[in-house]
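Accompanying notes for the structure given below.
The values are calculated or read from the model by the stated rules, or taken from the named source; none is laboratory data. Here the structure is a predicted model, which is why all the values come from computation and not from measurement. All Cβ positions, glycine included, derive from the backbone under ideal geometry; neighbour counts span all protein chains shown. Side chains are part of the model used for accessible areas, which takes the heavy atoms of the whole protein and leaves out ligands, DNA and RNA. Shrake-Rupley method; radii C 1.70, N 1.55, O 1.52, S 1.80 Å.
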Amino acid sequence: MKHVLFIVVLMVALAGCTPRPVTIEQDNNFTSSNRNPQEILDLVTSNRPLINSLSGRARAQFSTPGSSERSTVQYGSDRDRSLLTFRNSLGIEAGRLLVETDSVTLFNRIDQVVQKVGSQNQDILLDNGYYAVNMLNVLNPDLTQLRPRRVSENATSWRITFDDNTQMVFDKETYVLTSVQYYVQSPIAFSTYLFANHTDVNGYPLPRNVQILSNDKKSSIFLTMQSYEVNPPGLNLDLEIPSHIRVIN
(Lines give C-alpha, C1' and ligand atoms only; values in the text may rest on other atoms or scores of the structure.)
Protein backbone atom coordinates (compact mmCIF):
# COMPACT_ATOMS: atom_id res chain seq x y z
CA MET A 1 0.00 0.00 0.00
CA LYS A 2 1.37 3.39 -0.96
CA HIS A 3 1.72 6.16 1.59
CA VAL A 4 -1.43 8.16 0.96
CA LEU A 5 -0.54 11.84 0.46
CA PHE A 6 -3.06 13.23 -2.03
CA ILE A 7 -6.64 14.53 -2.03
CA VAL A 8 -7.30 16.53 1.18
CA VAL A 9 -4.90 19.36 2.07
CA LEU A 10 -4.60 21.29 5.31
CA MET A 11 -3.27 24.82 5.46
CA VAL A 12 -0.80 24.95 8.33
CA ALA A 13 0.99 28.32 8.04
CA LEU A 14 -1.77 30.78 8.87
CA ALA A 15 -1.56 33.51 11.46
CA GLY A 16 -3.55 32.82 14.59
CA CYS A 17 -3.60 32.42 18.33
CA THR A 18 -1.56 29.85 20.21
CA PRO A 19 -3.99 27.60 22.10
CA ARG A 20 -2.80 24.63 24.12
CA PRO A 21 -2.16 21.60 21.85
CA VAL A 22 -4.72 18.82 22.05
CA THR A 23 -4.05 15.10 21.72
CA ILE A 24 -5.76 11.75 21.13
CA GLU A 25 -4.63 8.80 23.24
CA GLN A 26 -3.01 5.90 21.38
CA ASP A 27 -4.03 2.27 21.90
CA ASN A 28 -0.97 0.28 23.05
CA ASN A 29 0.13 -2.91 24.85
CA PHE A 30 -0.42 -5.24 21.90
CA THR A 31 0.71 -8.87 21.92
CA SER A 32 1.05 -11.33 19.05
CA SER A 33 -2.20 -13.08 18.06
CA ASN A 34 -2.65 -16.59 16.68
CA ARG A 35 -5.53 -15.40 14.49
CA ASN A 36 -5.12 -15.48 10.72
CA PRO A 37 -4.32 -11.93 9.48
CA GLN A 38 -6.43 -12.26 6.29
CA GLU A 39 -9.34 -13.59 8.35
CA ILE A 40 -9.27 -10.54 10.61
CA LEU A 41 -8.96 -8.18 7.64
CA ASP A 42 -11.94 -9.85 5.95
CA LEU A 43 -13.95 -9.50 9.17
CA VAL A 44 -13.15 -5.80 9.43
CA THR A 45 -13.80 -5.18 5.73
CA SER A 46 -17.22 -6.85 5.77
CA ASN A 47 -18.31 -4.58 8.63
CA ARG A 48 -17.06 -1.27 7.14
CA PRO A 49 -19.03 0.01 4.12
CA LEU A 50 -16.94 1.80 1.51
CA ILE A 51 -17.57 5.49 0.80
CA ASN A 52 -17.32 6.70 -2.83
CA SER A 53 -17.07 10.43 -2.11
CA LEU A 54 -17.09 12.78 0.85
CA SER A 55 -17.48 16.48 1.55
CA GLY A 56 -17.46 18.61 4.67
CA ARG A 57 -15.72 21.20 6.77
CA ALA A 58 -13.06 21.01 9.48
CA ARG A 59 -11.16 23.23 11.89
CA ALA A 60 -7.41 22.56 11.95
CA GLN A 61 -4.90 23.32 14.70
CA PHE A 62 -1.25 22.96 13.71
CA SER A 63 1.23 22.63 16.58
CA THR A 64 5.03 22.55 16.57
CA PRO A 65 7.46 23.15 19.46
CA GLY A 66 6.87 26.75 20.50
CA SER A 67 3.95 27.59 18.19
CA SER A 68 0.34 26.72 17.41
CA GLU A 69 -1.84 28.07 14.58
CA ARG A 70 -5.40 27.61 13.34
CA SER A 71 -7.21 27.48 10.00
CA THR A 72 -10.33 26.01 8.40
CA VAL A 73 -10.74 23.85 5.31
CA GLN A 74 -13.82 22.99 3.26
CA TYR A 75 -13.36 19.91 1.09
CA GLY A 76 -15.02 17.72 -1.51
CA SER A 77 -13.34 14.45 -2.46
CA ASP A 78 -13.78 11.29 -4.44
CA ARG A 79 -11.24 8.45 -4.70
CA ASP A 80 -9.26 10.21 -7.45
CA ARG A 81 -9.57 13.97 -6.84
CA SER A 82 -10.24 16.50 -4.13
CA LEU A 83 -11.00 20.21 -4.12
CA LEU A 84 -10.05 22.15 -0.98
CA THR A 85 -10.90 25.73 -0.04
CA PHE A 86 -8.85 27.32 2.74
CA ARG A 87 -9.68 30.20 5.05
CA ASN A 88 -7.31 31.80 7.52
CA SER A 89 -8.12 32.65 11.13
CA LEU A 90 -9.78 35.91 9.97
CA GLY A 91 -12.17 34.02 7.67
CA ILE A 92 -10.45 35.24 4.49
CA GLU A 93 -10.26 32.74 1.62
CA ALA A 94 -6.55 32.20 1.08
CA GLY A 95 -6.58 29.60 -1.67
CA ARG A 96 -8.05 26.60 -3.42
CA LEU A 97 -6.27 23.38 -4.19
CA LEU A 98 -7.08 20.49 -6.52
CA VAL A 99 -5.29 17.24 -5.73
CA GLU A 100 -5.25 14.45 -8.29
CA THR A 101 -3.45 11.12 -8.37
CA ASP A 102 -0.48 12.49 -10.34
CA SER A 103 -0.52 16.24 -9.67
CA VAL A 104 -1.43 19.03 -7.26
CA THR A 105 -2.70 22.44 -8.46
CA LEU A 106 -2.73 25.41 -6.08
CA PHE A 107 -4.81 28.51 -6.83
CA ASN A 108 -3.46 31.24 -4.55
CA ARG A 109 -6.46 33.55 -4.27
CA ILE A 110 -4.55 36.34 -2.55
CA ASP A 111 -1.68 36.60 -5.06
CA GLN A 112 -3.82 35.46 -8.03
CA VAL A 113 -1.24 32.82 -8.99
CA VAL A 114 -1.75 29.19 -10.02
CA GLN A 115 1.00 26.62 -9.48
CA LYS A 116 0.88 22.98 -10.63
CA VAL A 117 3.37 20.35 -9.45
CA GLY A 118 3.69 16.59 -9.76
CA SER A 119 2.61 14.53 -6.77
CA GLN A 120 6.22 13.54 -6.12
CA ASN A 121 7.19 17.22 -5.86
CA GLN A 122 4.41 18.40 -3.60
CA ASP A 123 6.90 19.18 -0.81
CA ILE A 124 7.22 22.51 -2.64
CA LEU A 125 3.70 23.29 -1.42
CA LEU A 126 4.58 22.12 2.09
CA ASP A 127 7.32 24.76 2.13
CA ASN A 128 4.60 27.33 1.38
CA GLY A 129 2.39 26.13 4.25
CA TYR A 130 0.29 23.37 2.67
CA TYR A 131 0.26 19.73 3.76
CA ALA A 132 -1.47 17.07 1.65
CA VAL A 133 -3.27 14.00 2.94
CA ASN A 134 -5.91 11.80 1.37
CA MET A 135 -8.72 12.43 3.84
CA LEU A 136 -11.22 10.09 2.16
CA ASN A 137 -8.75 7.21 1.99
CA VAL A 138 -7.53 7.87 5.52
CA LEU A 139 -11.00 8.10 7.05
CA ASN A 140 -12.46 5.25 4.99
CA PRO A 141 -9.61 3.25 3.42
CA ASP A 142 -10.32 0.65 0.75
CA LEU A 143 -9.05 -2.50 2.47
CA THR A 144 -9.85 -4.96 -0.31
CA GLN A 145 -6.50 -4.62 -2.11
CA LEU A 146 -4.28 -4.74 0.98
CA ARG A 147 -2.04 -7.69 1.90
CA PRO A 148 -1.88 -8.33 5.66
CA ARG A 149 1.30 -9.83 7.08
CA ARG A 150 0.50 -10.35 10.77
CA VAL A 151 -2.00 -9.44 13.48
CA SER A 152 -1.63 -8.54 17.15
CA GLU A 153 -4.25 -7.67 19.74
CA ASN A 154 -5.08 -6.33 23.17
CA ALA A 155 -8.32 -6.46 25.14
CA THR A 156 -10.16 -4.01 22.88
CA SER A 157 -8.41 -3.82 19.50
CA TRP A 158 -6.86 -5.64 16.55
CA ARG A 159 -3.64 -4.30 15.00
CA ILE A 160 -2.94 -5.45 11.43
CA THR A 161 0.53 -5.04 9.91
CA PHE A 162 0.67 -5.04 6.09
CA ASP A 163 3.41 -5.94 3.60
CA ASP A 164 4.74 -2.36 3.45
CA ASN A 165 4.86 -2.15 7.29
CA THR A 166 1.78 0.07 7.47
CA GLN A 167 -0.17 -0.65 10.66
CA MET A 168 -3.91 -0.17 11.18
CA VAL A 169 -5.77 -0.56 14.48
CA PHE A 170 -9.47 -1.49 14.60
CA ASP A 171 -11.85 -1.66 17.54
CA LYS A 172 -12.89 -5.29 18.16
CA GLU A 173 -16.50 -4.43 18.97
CA THR A 174 -17.36 -1.69 16.48
CA TYR A 175 -14.68 -2.34 13.78
CA VAL A 176 -13.99 1.41 13.54
CA LEU A 177 -10.50 2.46 12.49
CA THR A 178 -8.72 4.06 15.46
CA SER A 179 -5.21 4.59 14.07
CA VAL A 180 -2.99 4.26 10.99
CA GLN A 181 0.80 4.36 11.06
CA TYR A 182 2.83 4.51 7.85
CA TYR A 183 6.46 3.44 7.69
CA VAL A 184 8.60 6.51 6.94
CA GLN A 185 12.25 7.29 7.63
CA SER A 186 12.20 11.08 7.91
CA PRO A 187 11.65 12.21 11.53
CA ILE A 188 9.67 15.29 10.42
CA ALA A 189 7.35 13.46 7.99
CA PHE A 190 3.74 13.04 9.12
CA SER A 191 3.23 9.32 9.60
CA THR A 192 0.59 8.60 12.28
CA TYR A 193 -3.17 9.21 12.08
CA LEU A 194 -5.37 8.86 15.19
CA PHE A 195 -9.19 8.86 15.18
CA ALA A 196 -11.63 9.42 18.06
CA ASN A 197 -15.26 10.17 18.93
CA HIS A 198 -16.82 8.34 16.01
CA THR A 199 -20.32 9.19 14.87
CA ASP A 200 -22.75 7.51 12.49
CA VAL A 201 -23.31 9.45 9.25
CA ASN A 202 -25.98 7.70 7.17
CA GLY A 203 -24.69 4.31 8.25
CA TYR A 204 -20.98 5.17 7.89
CA PRO A 205 -18.84 5.48 11.06
CA LEU A 206 -16.67 8.62 10.86
CA PRO A 207 -14.53 10.32 13.54
CA ARG A 208 -15.26 13.74 14.95
CA ASN A 209 -11.59 14.19 15.80
CA VAL A 210 -8.44 13.35 13.81
CA GLN A 211 -4.84 13.88 14.89
CA ILE A 212 -1.89 13.63 12.49
CA LEU A 213 1.56 13.26 14.08
CA SER A 214 5.05 13.62 12.68
CA ASN A 215 7.40 10.66 12.92
CA ASP A 216 9.29 12.28 15.81
CA LYS A 217 5.95 13.20 17.50
CA LYS A 218 7.03 16.85 17.78
CA SER A 219 4.51 18.27 15.26
CA SER A 220 0.77 17.69 15.17
CA ILE A 221 -2.29 18.62 13.13
CA PHE A 222 -5.53 18.27 15.09
CA LEU A 223 -8.77 18.29 13.11
CA THR A 224 -12.21 18.93 14.50
CA MET A 225 -14.61 17.66 11.84
CA GLN A 226 -17.53 20.10 11.84
CA SER A 227 -19.64 18.43 9.14
CA TYR A 228 -19.78 15.42 6.82
CA GLU A 229 -21.82 14.61 3.73
CA VAL A 230 -21.37 11.04 2.51
CA ASN A 231 -21.62 10.39 -1.24
CA PRO A 232 -22.90 13.94 -1.95
CA PRO A 233 -24.80 14.38 -5.23
CA GLY A 234 -23.37 16.71 -7.88
CA LEU A 235 -19.92 16.98 -6.32
CA ASN A 236 -18.16 19.97 -7.93
CA LEU A 237 -14.36 19.60 -8.13
CA ASP A 238 -13.63 22.54 -10.43
CA LEU A 239 -10.95 25.03 -9.32
CA GLU A 240 -12.74 27.80 -11.26
CA ILE A 241 -9.53 29.52 -12.37
CA PRO A 242 -10.15 32.80 -14.25
CA SER A 243 -9.03 32.62 -17.89
CA HIS A 244 -6.50 35.47 -17.54
CA ILE A 245 -4.42 33.65 -14.87
CA ARG A 246 -1.44 31.65 -16.13
CA VAL A 247 -0.64 28.24 -14.68
CA ILE A 248 3.00 27.88 -13.54
CA ASN A 249 4.41 24.35 -13.84
Per-residue SASA entry for residue 39, accessible area with 1.4 Å probe, Å² rounded to 10: 90 Å²
Exposure of residue 208 as accessible area (Å², to 10), given a probe of 1.4 Å and all protein chains: 110 Å²
Cleavage-rule hits, trypsin sites (Lys or Arg not before Pro), the stretch 139-193, DSSP coil, Cβ neighbours within 10 Å at most 14: 172
Dimensionless Rg ratio for the chain, taking C-alpha atoms and the 2.2 N^0.38 Å reference: 1.02
Hypothetical label at residue 93: residues of the stretch 223-241 whose amide nitrogen lies under 11 Å (7 Å Cα-Cβ projection): 239-241
Residue 204 accessible area, assembled protein chains, probe 1.4 Å, Å²: 40 Å²
Heavy-atom accessible surface of the chain: percent carbon and sulfur, 1.4 Å: 45 percent
Most fluctuating residue given options 142, 171, 102, as computed from a GNM of the chain linking Cα atoms under 10 Å: 102
Heavy-atom accessible area per residue - the chain, 1.4 Å, Å²: 50 Å²
Simple spin-label estimate for residue 150 and residue 201 in nanometres, 7 Å along Cα-Cβ: 3.5 nm
For the stretch 186-249, size of Cβ-based charge dipole, Lys and Arg +1, Asp and Glu -1, in debye: 300 debye
Karplus-derived 3J(HN,Hα), 6.51/-1.76/1.60, for each residue of the stretch 179-187, Hz, glycine and proline x: 6, 9, 10, 8, 7, 9, 9, 5, x
